[in-house]
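Note sheet for the following structure.
All of the numbers you see were taken from the coordinates with simple rules; none came from a lab. The shown structure was predicted, so the numbers you read here are calculated from the model rather than taken from an experiment. We place every Cβ from the backbone using ideal geometry, glycine too, and count neighbours over all the protein chains shown.
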Amino acid sequence: MLNRDYVQKGRTPFKDYNFILHDVWEDFVTNILSDDAKAKSEKFNELTKRSELAHHLGMLGYAGKAEQWWWEEREQLRLGSQIH
């Protein structure tokens, strides 16, 4: 988000994120624009493109979703719905 919305557009985030320090921002920009970071980004973008099934589990991952699904099933059973 910071990279896409600020670094790549040549903007600074200080108005929207007043807690970011100027020297920390400069270090961040330097790191993002480094050849190493660009190579790493390209590598992972290519890996992502090869993925046939992108996950959609969000930050919880499978374990967190499994618990959520368990509670949802219990609620459906309580309400009298059948679970497929």
The range 28-42 - residue that is part of a helix (DSSP H, G or I) and among the hydroxyl-bearing types (Ser, Thr, Tyr) and, of those, farthest from Thr12 (Cα to Cα) | Ser41
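From Arg74, Arg50, grab the single residue that is exposed (fewer than 10 other Cβ atoms within 10 Å of the Cβ) and out of contact with any Phe, Trp or Tyr (no Cβ under 8 Å at 6 or more places or on another chain).
Arg50
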Among the numbered criteria (1) in contact with a Phe, Trp or Tyr (Cβ under 7 Å, 6 or more places away or on another chain); (2) among the aliphatic types (A, V, I, L, M); (3) exposed (fewer than 10 other Cβ atoms within 10 Å of the Cβ), which single criterion is violated by Ile20?
-> (3)
Leading residue by the ranking (farthest from Lys65 (Cα to Cα)) among those in the range 1-55 that are β-branched (Val, Ile, Thr) and under 17 Å from the mean Cα position of the chain (by Cα) = Ile32
Residues (within 16 Å of Asn3 (Cα to Cα) and hydrophobic (A, V, I, L, M, F, W, C)) located in the range 31-48 = Ile32, Leu33, Ala37, Ala39, Phe44
Regarding Phe14, is this residue in a loop (DSSP other than H, G, I, E, B) and either aromatic (Phe, Trp, Tyr) or touching a His at 6+ places or on another chain (Cβ under 8 Å) (or both)?
-> yes
